[in-house]
1. Could you give me the residue pairs with C-beta distances under 6 Å whose first residue belongs to segment 48-61 and is under 20 Å from Pro29 (Cβ atoms) and of a type in the set (Gly, Ala, Ser), whose second residue is open to solvent by less than 60 Å² (accessible area, probe 1.4 Å) and in a helix (DSSP H, G or I) wherever it lies, and which are 6+ apart or on separate chains?
2. Just to be sure I understand, how many residues within segment 1-10 are of a type in the set (Asp, Glu) and either open to solvent by 30 Å² or more (accessible area, probe 1.4 Å) or touching a residue at least 60 places away in the same chain (Cβ under 8 Å) (or both)?
3. Only one of (1) part of a loop (DSSP other than H, G, I, E, B); (2) touching a residue at least 24 places away in the same chain (Cβ under 8 Å) fails for Pro69. Which number is that?
4. Return the pair list, or none, for Cβ contacts closer than 9 Å from residues in segment 11-27 that are within 14 Å of Ala50 (Cβ to Cβ) to residues that are of a type in the set (Ser, Thr, Tyr) and not in a helix (DSSP H, G or I), at least 6 apart or on different chains.
5. Going by what's in this entry, would Ala22 be described as touching a helix residue (DSSP H, G or I) at 6+ places or on another chain (Cβ under 6 Å), in a helix (DSSP H, G or I) and surrounded by 11 or more Cβ atoms within 10 Å (Cβ to Cβ)?
6. Could you run through segment 28-63 and say how many residues are open to solvent by 40 Å² or more (accessible area, probe 1.4 Å) and part of a loop (DSSP other than H, G, I, E, B)?
7. So Val54 ticks every box in (1) at pLDDT below 95; (2) touching a Lys or Arg at 6+ places or on another chain (Cβ under 6 Å) but one. Which box is left unticked?
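The values are calculated or read from the model by the stated rules, or taken from the named source; none is laboratory data. Remember, predicted model here, so these are calculated numbers, not experimental data. Note that each Cβ is placed from the backbone with ideal geometry, even for glycine, and that neighbours are counted across all protein chains shown. Surface areas here come from the heavy atoms of the whole protein model, side chains and all, with no ligands, DNA or RNA. Shrake-Rupley method; radii C 1.70, N 1.55, O 1.52, S 1.80 Å.
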Amino acid sequence: MPIVVDVDVMLAKRKMPVGTLAERVGITPANLAVLKNGRAKAVRFTTLAALCEVLDCQPGDLLRWEPDPEGG
């Protein structure tokens, strides 16, 4: 998928464990793992806003676009 989620990058920058982020955002660690590992098909704006608030970042710090290597 050409949208890449960089939650793990922000977690490393903030030195925050995944479980702590999930708790503060109000989502399950399993759902955070789906998002973190690039398997999510969608993300709610409320979840994105909560991630930005807890990680003190902008949406563009968490999401980026990469061209599809297969050209599709």
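1. As it stands, the answer is Ala50/Val25, since those pairs meet every condition given.
2. Count: 1.
3. It fails just one condition, (2).
4. Filtered contacts from segment 11-27: Ala22/Thr28.
5. Values: touching a helix residue (DSSP H, G or I) at 6+ places or on another chain (Cβ under 6 Å): yes; in a helix (DSSP H, G or I): yes; surrounded by 11 or more Cβ atoms within 10 Å (Cβ to Cβ): yes.
The answer is yes for Ala22.
6. Qualifying residue count, segment 28-63: 10.
7. In the conditions (1) at pLDDT below 95; (2) touching a Lys or Arg at 6+ places or on another chain (Cβ under 6 Å), Val54 misses (1) alone.
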